[in-house]
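Chemist: Okay, here's the structure, questions in a sec.
The values are calculated or read from the model by the stated rules, or taken from the named source; none is laboratory data. Just so you know, these numbers come straight off a predicted model, no measurement behind them. Methodologically, a virtual Cβ is constructed for each residue, glycine included, from the backbone with ideal geometry; neighbour enumeration extends over all protein chains shown. Note: areas computed on protein heavy atoms with side chains; ligands, DNA, RNA excluded. Shrake-Rupley method; radii C 1.70, N 1.55, O 1.52, S 1.80 Å.
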Amino acid sequence: MNSPQIQFSEHRLSEINLYKLQELFNLAAFWAKGRTIEDLSIAIANSDPVIHIWDGERLIGFARATSDGIYRATIWDVVIHPEYRGTGLGRKLVETVLTHPRVRQVERVYLMTTHQQEFYEKIGFQCNPTITMVLHNQPEIEPLPATQVHLQKSLGG
């Protein structure tokens, strides 16, 4: 096995092969099986940083984050190819995300995990004792009409 290279991407969509990413997710991430190329493209376009690890032409690791750059960031889609687990690449991948300029200064970094709590605790994450809530996309929720939003802004709201 060659020494894998961690690659940072500022031009996310031009540097990641979405088909290889889809293949990695289908192989190694039960929570991401069946994601479409179109949806992956949108998710990556709206994420920064996007980190990927290659061993030659083989995509073996991936993670991305979203952040406001100051208060909150969330790490998403951390995955290592099964043949490379236990080599320290997963830790290096997460640490690379955490030291990225869009993430390293934020007050809190969140992530969600189903089975890997011990792995993330070794990096410094703690179980969140506060209430976490989720809202699955509700198509019947109506946004404020644009005229009311404009009125609030003009009133200093």
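Chemist: Would you check which residues across the range 41-58 are open to solvent by 10 Å² or more (accessible area, probe 1.4 Å), closer than 14 Å to Val79 by Cβ and of a type outside the set (D, E, K, R) and list them?
Modeler: Scanning the range 41-58 gives Ala43, Trp54.
Chemist: Ala29: without any contact (Cβ under 8 Å) to a residue 60 or more places away in the chain and farther than 21 Å from Asn128 by Cβ, yes or no? Explain how you work it out, then say what you get.
Modeler: On the way: without any contact (Cβ under 8 Å) to a residue 60 or more places away in the chain: yes; farther than 21 Å from Asn128 by Cβ: yes.
It is true that Ala29 is without any contact (Cβ under 8 Å) to a residue 60 or more places away in the chain and farther than 21 Å from Asn128 by Cβ.
Chemist: Next question, about the same structure. Would you check if there is a residue in the range 92-108 being in contact with a helix residue (DSSP H, G or I) (Cβ under 7 Å, 6 or more places away or on another chain), within 22 Å of Gln22 (Cβ to Cβ) and surrounded by 11 or more Cβ atoms within 10 Å (Cβ to Cβ)?
Modeler: yes
Chemist: I'm trying to understand the selection: among the residues of the range 113-146, which are without any contact (Cβ under 8 Å) to a residue 12 or more places away in the chain, closer than 20 Å to Tyr71 by Cα and hydrophobic (A, V, I, L, M, F, W, C)?
Modeler: Those that are without any contact (Cβ under 8 Å) to a residue 12 or more places away in the chain, closer than 20 Å to Tyr71 by Cα and hydrophobic (A, V, I, L, M, F, W, C): Cys127, Ile131, Met133, Val134.
Chemist: Which one is farthest from the chain's Cα centre (by Cα) among residues in the range 9-31 that are surrounded by fewer than 12 Cβ atoms within 10 Å (Cβ to Cβ) and modelled with pLDDT under 65?
Modeler: Filtering first and then ranking leaves Ser14.
Chemist: Additional query: Only residues in the range 78-99 that are over 19 Å from Met112 (Cβ atoms) count as the first member; pair them with residues that are part of a helix (DSSP H, G or I) and not acidic (Asp, Glu), Cβ under 8 angstrom, at least 6 apart or cross-chain, and list the lot.
Modeler: Sorted first by the residue in the range 78-99, then by its partner, the pairs are His81/Leu24; His81/Leu27; His81/Ala28; Pro82/Leu27; Pro82/Ala28.
Chemist: Can you give me the number of residues within the range 118-140 that are open to solvent by less than 100 Å² (accessible area, probe 1.4 Å) and over 16 Å from Leu93 (Cα atoms)? Steps first, answer last, please.
Modeler: Pass one, the range 118-140, residues open to solvent by less than 100 Å² (accessible area, probe 1.4 Å): 119-121, 123-125, 127-128, 130, 138.
Imposing the further condition that a residue be over 16 Å from Leu93 (Cα atoms) reduces the set to 127-128, 130, 138.
Count: 4.
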